[in-house]
Amino acid sequence: MFGYALGSIGLPMVGSLLAALLPGEQARKVSQVFSFLGFLCGLMLLVTFAANPGTYTWELATVGDLTYYGIIVDSLSVLVNFLVVTIGWLVCTYSLGYMTPENREHPIEEGLPRFFALLLLFIGAMAGLVFSSTLFGLLFFFEITGLCSWGLIGFYGTPKSRRSALRAIVLTHIAALGLYVATAYLYANTGSLDVTALSDLTETGKVVAFLGILIACWGKSAQLPFQSWLPGAMVAPTPVSAYLHAASMVKVGVYILARTVQATQGIPPVIGLVGAILATATMVYGFLMYFPQDDMKRLLAYSTIAQLAYIFLAVSIAVFGSEKAFAGAVTHIFNHSFGKALFFLVAGALSYTTGTRQLSRLQGILRQMPLVGLGFLAAALTITGVPLFSGFFSKFLILLGGLEAGRTNLVLLALTIVFLLESVGSFIWLLKVTGASVLGAPSEAVAAAAPLPRSMGFALGCLMAMTLVSQYIAFSLIR
């Protein structure tokens, strides 16, 4: 299992170096080969771990008695790594068709080595973060993902994209100071950097450390008050939005919080309350921001903010001892990633073929482009939590966990009710948008759509399948 974990980290990084040194067409091939090898490592690790579940650790970077970086293989890291490398491979495959001169919205003729090098580095850094058993390792790869996102958000080099990239790295880096404080505080008080050492802190020490962790997580996952960078980051190429801003970068925050909560005994209830209250405020904010959006990617950005708030709420409820809420949180990290990546890639397919992603100009998609229309429907039904699609199962677990904790805590009960109401509101609004765009006669832009490249269609098909089966993969590991 150690070899598969190391391969998930190292192979995309090797590919990143090669892609940076090779010309454009060869960089495309390198990205496909090394992202696929990373996916194979993640898949083999998933299969091997399912047959031999447990918690396995290896120390990799140790100086004296202090471990700076170690690898932990357990149900949480195996599951999240699988989504990181799988969606990474599919996004690289999709990009073979999207990042071309034929793209009607953004014709691409140069910069491919830089694009694929940064994307592969991001995949490797995400895997490195997911497997880290120390706060130092989480912090180290946290910062690498920030640098990659800066380069990818600003890929087009326009003044707007450069401003958006700068805003993203500044806000997330300011928030990252919380993780620096938590890491330094942990070492100063325990002499260790291991995540499990958080349990050795006093109650006051845990409050200090977890407030720092929460701030860093809020910034990376675009929660209030750091949320403004994510909608602005939609100027990035759509494959970047699908990977960084739906499946990977924004999941860093919720993953770090889930990892530290899982590893720590006796977390003070105030941490759970602070996390739950801010999560609820963020999901309401995200929902209210749906209404003025006509740009499909910006709508999906605000949906992502709200969906991540569901996960923060669930992990915060888990602080009070709800195993159902924690299982719902981890499962929703997994399910939402596949559903939202599909939604973003559908948006990219529409902009590629029609030259626009304005919802007011997109009607009759299903009739003109059946695959894209079906992808739109599958993504919407997953994100809104319609039964049979994966989002339903994880959201239902979060609801059960909230109601369970709400029996003894009226604040948590009230926040869970808000979560339920927001879920219903999101269901109504997103299905309204979906019906208006997918059904009916094709609009002028859709009727004149160009053919969709096979590589893009392949990625859409795989993600559509995952919206129906990802919950079973998650439940096989999260018990």
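If we scan segment 183-203, do we find a residue that is in a helix (DSSP H, G or I), within 19 Å of G286 (Cβ to Cβ) and in contact (Cβ under 8 Å) with a residue 24 or more places away in the chain? Taking every residue of segment 183-203 in turn, none turns out to be in a helix (DSSP H, G or I), within 19 Å of G286 (Cβ to Cβ) and in contact (Cβ under 8 Å) with a residue 24 or more places away in the chain. Checking I174, I169 one by one, the residue that is more than 23 Å from A117 (Cβ to Cβ), part of a helix (DSSP H, G or I) and under 23 Å from the mean Cα position of the chain (by Cα) is I174 and no other. Of the residues T134, T158, T145, the single one that is at pLDDT below 95, crowded, with 21+ Cβ neighbours inside 10 Å and of a type in the set (S, T, N, Q) is T145.
The residues of segment 37-82 that are over 22 Å from A247 (Cα atoms), free of Cβ contacts under 8 Å to residues at least 24 places away in the same chain and part of a helix (DSSP H, G or I) amount to a single one, A51.
Every test in (1) touching a residue at least 60 places away in the same chain (Cβ under 8 Å); (2) assigned to a loop (DSSP other than H, G, I, E, B); (3) not basic (K, R) is passed by P387 save one, and that test is (1). Within segment 195-228, the set of residues being hydrophobic (A, V, I, L, M, F, W, C), surrounded by fewer than 24 Cβ atoms within 10 Å (Cβ to Cβ) and under 23 Å from F343 (Cβ atoms) comprises L224, F226. Give me a count of the residues in segment 276-295 that are in contact with a Leu (Cβ under 7 Å, 6 or more places away or on another chain) and modelled with pLDDT under 95. So the answer is 3.
Taking the numbered list (1) buried (at least 17 other Cβ atoms within 10 Å of the Cβ); (2) at pLDDT 95 or above in turn, A449 passes all entries but (2).
Of the residues making up segment 350-361, just one is buried (at least 24 other Cβ atoms within 10 Å of the Cβ) and aliphatic (A, V, I, L, M), namely L350. The residues of segment 104-125 that are touching a residue at least 12 places away in the same chain (Cβ under 8 Å) and charged (D, E, K, R), listed by number, are R104, E105, E110, R114.
Candidates G373, G461: the one that is part of a helix (DSSP H, G or I) and under 22 Å from the mean Cα position of the chain (by Cα) is G461.
Restricting attention to segment 402-415, the residues that are without any contact (Cβ under 8 Å) to a residue 24 or more places away in the chain and either part of a helix (DSSP H, G or I) or touching a Cys at 6+ places or on another chain (Cβ under 9 Å) (or both) total 5.
Which residue is surrounded by the fewest Cβ atoms within 10 Å (Cβ to Cβ), if the candidates are limited to segment 1-32 and must be farther than 17 Å from F82 by Cα and β-branched (V, I, T)? In this case the residue turns out to be V14.
The values are calculated or read from the model by the stated rules, or taken from the named source; none is laboratory data. Source: prediction; values computed, not measured. Backbone-built Cβ (ideal geometry, glycine too); neighbour counts: all protein chains shown.
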